1. Roughly how big is the chain's charge dipole about its Cα centre, with Cβ charges of +1 (Lys, Arg) and -1 (Asp, Glu), in debye to the nearest 20?
2. Label points 7 Å out from Cα along the Cβ direction at residue 37 and residue 162: separation in nm?
3. So what is the calculated 222 nm ellipticity per residue for the chain, using -39500 (n - 2.57) for each DSSP H run with n of 4 or more, over all residues, to the nearest 500 deg cm²/dmol?
4. Based on other C-beta atoms within 10 Å, arrange 171, 105 from fewest to most.
5. In percent, what relative contact order does the range 21-82 have, based on Cα pairs under 8 Å that are 6 or more apart in sequence?
6. Can you pick out the pairs among 85/132; 85/114; 38/152; 30/114; 82/114 whose Cα atoms lie more than 24 Å from each other?
7. If I take every Cα pair under 8 Å that is 6 or more residues apart in the chain, average their sequence separation and divide by the length, what percent do I get for the relative contact order?
8. Which cross-chain or sequence-distant (5 or more) residues have an amide H under 5 Å from the amide H of residue 184, H modelled 1.01 Å from N in plane?
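All of the numbers you see were taken from the coordinates with simple rules; none came from a lab. This is a predicted model, so every value here is computed, not measured. Reconstructed Cβ throughout: ideal geometry from the backbone, glycine too, with neighbour counts over all protein chains shown.
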Amino acid sequence: MDHFQAHIDYPNTELLPILSAETIDFHYGKHHCGYAQKLNALSENTTFTDKTLEDIILQSRGTDPNVFNNAAQLFNHDFYWKCLKREQVQPVGKLKHAIGAQFKDFDEFLSQYKAFANTLFGSGWSWIVWEKDRISFVNTQNAETILGTDQKALCVLDLWEHAYYIDYRHDRPAYIQKMIHACINWTFCESQWPS
Ligand SMILES: [Fe+2]
């Protein structure tokens, strides 16, 4: 069995109508699984053999871009799918309280996340993170990831074109709008709160 595998915990119809089954089939099957396959091939019989995904990301950052890009993309996609859900339940614990302390209300928090995500130039990821006792929004370019930084990732949106082009064509702002307002698993995001 391959050391690294891509994970998604629900069927391809789970996020209808925000994301089509075709989008999930292509995104997971072609892109996400592709990163896992490439990482398996790149790490075989190297110092990365038998390392955890997190260790590989930390050790290859800045030194081995090919390994880093595939490892980071594998981690980012695993995390992305977990952040998504159609039946939304708003945060009830520490995330709710942090939002209440920093934003006028939940809608204002969503609006600011949406506006920030729309500032990303090119391909990448838009994150909600917890850092220095504050919620922050962070965009990372290409495969770059929050893992291994001082920030704790709570949520991420994939802003690569392959995440939305089948359903939204060129209209990334429409994808961002739909995802943020109707497709985030806030219960999972809250579970990522640092202990
Ligand atoms: Fe992706």
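1. Using only the charged Cβ atoms, the result is roughly 440 debye.
2. The answer from the label model is 1.1 nm.
3. -12000 deg cm²/dmol
4. Fewest to most other Cβ atoms nearby, the residues stand as 105, 171.
5. Relative contact order comes out at 40 percent.
6. Checking Cα-Cα distances, 85/132; 38/152; 30/114 exceed 24 Å.
7. Over the chain, the number comes to 25 percent.
8. Under 5 Å from the amide H of residue 184: 85.
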